[in-house]
Each structure stands twice: as structure tokens, then as C-alpha cells.
1. Once amide H atoms are placed 1.01 Å from N in the peptide plane, what residues at a sequence separation of 5 or more from B:Gly278, or on another chain, have their amide H within under 5 Å of its amide H?
2. Cut-off is 10 Å between beta-carbons; in what order do A:Glu273, A:Glu27 appear when sorted fewest neighbours first?
3. Kindly provide the GluC sites (Glu not before Pro) of the range A:130-215 that DSSP labels as loop, not H, G, I, E or B, and whose Cβ sees at most 12 other Cβ atoms within 10 Å.
4. Count, for each residue of B:200-211, the Cβ atoms from other chains sitting within 10 Å of its Cβ, then give me the mean as a whole number.
5. Skipping prolines and chain starts, which residues have an amide H placed within reach, meaning under 5 Å, of the one on B:Glu210, given they are 5 or more residues away or on another chain?
6. Give me the net charge for the shell around B:Gly255: Cβ to Cβ below 13 angstrom, other residues only, Lys and Arg +1, Asp and Glu -1.
7. Between beta-carbons, use under 12 Å as the cut-off and find the net charge around A:Gly38, counting Lys and Arg +1, Asp and Glu -1.
8. Over 19 Å between C-alpha atoms is what I'm after, so list which of A:Lys276/A:Lys382; B:Lys82/B:Lys317; B:Lys85/B:Lys270; A:Lys140/A:Lys276 land there.
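Each reported figure results from applying straightforward, stated rules to the coordinates on display, with no laboratory input. Keep in mind that what you see is a predicted model, and the values were worked out from it rather than measured. Glycine gets a Cβ as well: all are built from the backbone with ideal geometry, and neighbour counts include every protein chain shown.
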Amino acid sequence: MSDSPKFLQSWRVRGTLLGPLHIGTGEPLDPFRCVLDGDRLHEFDLTAALATAALAAADEVLRQCLFKRLSEPVDTNSAEEVRDLLTKTPWRSHIIRSYDLSADARQKLGRTRTWGTWEIQPFIHHPADGKRYIPGSSLKGALRTAVVSSRAAAIPPRFDREKSLEKRAEELEKQSLSYELMGEDPFSEWFVGDLFFAGNVCSCLYTINILNLMAKEGTGPPRPNKPIEFPNLVEAIIPAGEGPHFEGRITRRLKPHPGTGPPTIKRPVNIEELVKSAANHADNAFGRAFAHDQRSYLDGLPDETVEALVTIDEELKERNPLSCIVRLGRFGGFLSKTIEKHRILKEHTIRGRTARRELHGDEAKPNTRMLADDGKPFGFVKLTFDEV
Amino acid sequence: MHPLHFALTPTSPVVTPLRGDTLLGHLCWMFAYQRGEEALLRLLANLTDDPPAISDLFPEGKLPRPQMPLPHSDGDAKEYRKEIKSIRFIGFDEWVRLRMELRGEEVLGLLVKAAKARRAKRLADMLTGSRQEKPSEDLSELHSTINRLTGTTGDAGGLYARVRTHYAPGVRLHAYLHPGIFGEEAFDLLEKVGGNGYGADASTGCGTFEIERIEDGDDLFDLPGADGWMSLSRHLPPAGVDLDRSCWRIETHYGRLGGSFASSGNPFKKPLLLIDCGSVWRQRPFPTAPPGAHLPNVGFRDELIRHLGYTIPMPFKWGNSQ
């Protein structure tokens, strides 16, 4: 900018997807408003489709059948019948949105009789044009968690078992960010805009594989159990070319002057701390087995998963003052320790006690992972910040 | 007075309705962010010399409906009363015709015609099952609250909803700007407001927009012999008007402080009674500066907080019977 504002600093944020990303709308699609056609799932306006169906006798029978079926509970016996009836409506003229399907999703949807039990979770999108985007609130929340995690490490853990988890979380957040009133919250200075995808991404509906790795004490590294089926289809954005894949803007608005204005911020967060905290948090949360070369942990995992994890691990090792890895959206990725578990670990260490399976030297092994059906963990993105 | 005409294209959802006086407040904050609070206070000390004003945002090609008392409803006017009440805008061409001799009967006739067209379209859409494309829609969006300790939502899911106004792609609104004391900097400041975000949830991406000047040379502000004007935004009561023969609607405004004060202990302003957009005033001669006033000491914490209640007047001639 030719005249750099005194109290405004902005950075362009560019992100590269390191795997599938899912941020949902919070409202699943109604599977009985969808039709499977080849390798695509189409969401359509059922009301409009029935309204415009020709008033021929056959179509009237179709309309009556469908109304009757949908007004009754749809069980496994009737789900297939309803699905077949839907395909006979003039749905092609009333498509709202279409979704590509992964190979696993196509196979599972094609054969299932439990059509109505699938929960189809689309990616968040603008309702007017269906454009997918990453909400600024998602990134802001992820950065906030990273800073809280980083600063909380310096606060001795003292667990008051009388207090609820929510209360403890709130207190830790306020203590680490040093605020009581909203005006003192250092993140009140940070404005994170929505982030928009470039043309080098595509989206796909995936099923979810849960690898449940629970280690038994004394039996060595955890081994994967048989994958658990999860009746969810989630729309994930995946890279379709080299990054960066999305872009946005982040701004810090300082107070115009400290004088007689509202309460000042006791411990502000600058861009360097923001990026460093995010980098450390991702490193801590990611299977620390990699940091200690505990590669035996990878035994038994699918090849695609190992390849994705190794890539993320290599990205984590690259340290750059204005670049970091962040985990966004749903489905845990490969989170190992949460802030809470790190603090439990620390408390037990201070008291000289072992924390059962949570404490294996300095290891922090993930014990539950939700992966996309292609084996890749969700949500890891690499961010770079350029001042504008 | 010939204000700048500009188009505004929303590039993200909006939570706080786009109103002229709220935009003006954002302009002041952007000035403060760039130059400091002292510089803003020095500038505002000369406010009454040439007060700034921004009109409300209107759909492209539209202006606010004049707040005229309509003749006693009868016939079509009675039948379409509900639709008439919901009509908020009229077209440029319709205003050009009305402004030469503004009368309640003319306004009513125009509104009845618009109401009939609206009802016919709605019925046609119902019969054909077609979806009406709306320029904007208020939608409730779900968000999750994350427990920072566990990295997950709580037992209850932590779900909450926020209502946001989404604009259809390509929707353009238009408005007018009288720079006043901000001078040539006003347009740049407004551009920066659009880049940083307007209103609630600007910190998470809401309220961004792009603006561009419209050089249409319209003569809507050029009407020799005008003896009245229509307000294009909310404002405080103006001086020098014929109160007995003017028409206005009052709105109670529960304003909020912006900028750094938005997250302070008490972000609310004292409630104000404001004159709504579209009010029609009788005044001669036509004002040379934005009419209205400013009200000091409207904050609960700080005496410096004020409300700038100036508006942009659009001239017209009253009909003889009014």
C-alpha cells in the first residue's frame, strides 16, 4: 500500500492443502432429496420436481406413492423403494447441486439398502452461488487455540476437580491470553477474513475410515484394528494441482491511541507469535512419534496414509518465521495430545506419577484417527503470510 | 449540492444492515486508525462547517419510497394494502416523474401498480413451481464452540446460530456520499472500510465490499425551484424546515459503538429517536449543506462519543394540494 496506515497491518494469507479438508455447514443433506446417478450424487428440489411433473395418470401415481412413503418412517425395507421412486421424478430439471463421489463412496452407496441412514455433510458454501470457502472464524479459532496452547505451557497445571471441563477451559484461556473483559482480549485486534479457493482444487464426497489404535500397557506400539464403518459422507476439498490452493487476508487493528480509550491489551499477540505458536501447536499435536523417529508406529497403516503423514512431518520440520502448518475443520486428522492431555501429563510428571497409557516417556501417540477413505488425514494446511 | 454517486458490491455476508450513518461511523474510525484519535478530534471540531453524509444503500436503479401519508385507502388500495406496506423502493424513472409535483395520490397510484405486479408474479411462481431469485436472503448459520482444552465441541455440541444477510452474486447496491470535512480522502477511506469489514463479525470475514464511482451525470440533485427534499438516510431533525407541512417517520435507534469501543465494557449508545430514510420535508431555499444535526455525549462511558445525524437531501417540488 502506498500510504501504510499507522494502526493497521495486513497480511495476505496463502494456504496449501496437505490433504482433504472438511468444514461443514452444520446441516446435513436430506438423502431423500438426493439421487445417485453414475459417479455423482445430485441434490435436487423435490417439491419443485413434483410440482412440475406432468399430470399424466402414471405421474400422479408416482406423486401419491412418494408422498405416502415420505410421510411414513423410512426403514431399511422401504429405503430402496423410496430411492427408486425418486429417480422417476423429473429431478434432472431441478438440480440444486452435484457432488463427485470417491470410489469407496460410490461402491457403498450403490449397494446399500440403508439409503436413509447416510448422513451427507456438504462443505460450507455461500448459499447464493454454492462457492466453497473457508470461514475466517475457522482460521481465527485455530490460531487462537495455538496461542492458548503455547502460553498455557508456562502456566503450572493445577486441576480443580470440582470445576467442570468447560469452566477450566474458560479460565485457562483467559489466564493465558491475560484478559477479563472482551476489550482486553488480544484477539479483538485481529481480523481474519474468509479464505477463498483458487481454481486448482476440486471436491469429493468421501466415506470415513476410523483407525482405532488403542495400546495396551506393556505391549509395545499400538496396532491398527479393523477399520470401523461410519455412515457419513463428507464433502472434502482436495488439491487438484500445485498450491497455493486458497487465499485470504488477516489484519491487525491496533488501538488508535492508548489514552483514555477502552481497556488496553495486557499481552498483545503479534504476527510472529501467531505463526510460531501455530507451528509449535501443530508439531505438538501431530504424532510426535515422528519427531523421535518412532517409525514403528507407522507399521500396519495403509501406504497412502504413511505417505501423507511423512509429507506432513517434513513440512512441520521446515521452520520459517512467516509460515506454519495449521489443522482446520473436522475429523481430528492425526491429533495426538490435546492441551488438556498435555497438562495432565505435566501434572503427573510434576507429582512423579505415571499417567498410565498417556505417559510413555516423551511419546505422544495418536490413539484415534478419522481418515478419508483414501487413507489421508483431514485438515492439515500450510499457511504463508506476506505483509501487504 | 452534488454528492458522489457510487456502487457497492458486497463480497461477503453482512450481519449489520448497511445504513448510511453506520457507514459514516466506520469512515471516522478508519480515519482514526490511519491518523490517530487526536487527528480525528481536530477534524470533527470543524464538523458544522461542512458535515459529511452518506446515504443508505439502495438496490441498483432504486430510491427510497417517499414517506407520504397516503389518501384514505379504497378499492385497489384497500385490497393491496399488505403489499403496499412492504414496498420500500421506487425506480429512478418513477421518482423523476413524481418529483415534479409530489402528491400523495400519485405516490399511491404508483404503489398500487407495483403491488399488483408483485402479487401477479408471486402467483405465477406458485403455479409454475419456479424459484424466485432473491437479491439477498437472511440465513441462519450454525457455528460450533470449541473447548480449547479438548479441541472438540462440548457435550451439548456448543452449537449457536448467527443470522447473516447473503447477497446473490453480481448484486450491486448504490449510494451517495458527501465528503464534507473528509474531503478527497473520503472515498479512499470508504474503500478501506470495505476491505477490512463492516459491522458485526467483521473480525471473522463479514461485511467486506468493493465500491466504484458511478459517473452517470444524473441530474437528480439538480431541480431549480425545488421547495422540498427527501432524506436518503436516517438523520436527526433538521433546522429551517416547515414542520407542519412535512412528513416523516420516527425510528428508535439502539446504536452500538464501533472500532475499539465495540468490545469495551458497554458498547451501546444511549437510545436515540431518528428520522427514517425517505422522509419528505418542505424547505425553501433548498439546503446547500447536508441537513440534520449531530448529538454529542451519546456514549455511556465517554463524553466524546457522538452521533452524526446528517443526511443527503434529494430535491423535489411539492404538489399544490399538499
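1. For B:Gly278, the qualifying residues are B:Ser231, B:Leu232, B:Ser233.
2. Listing A:Glu273, A:Glu27 from fewest to most nearby Cβ atoms yields A:Glu27, A:Glu273.
3. Filter output for the range A:130-215: A:Glu162, A:Glu180.
4. Mean inter-chain Cβ contacts per residue within 10 Å come to 5.
5. Those lying under 5 Å, H to H, from B:Glu210 are B:Thr9, B:Thr11.
6. +4
7. Result for the neighbourhood of A:Gly38: -1.
8. B:Lys82/B:Lys317; B:Lys85/B:Lys270
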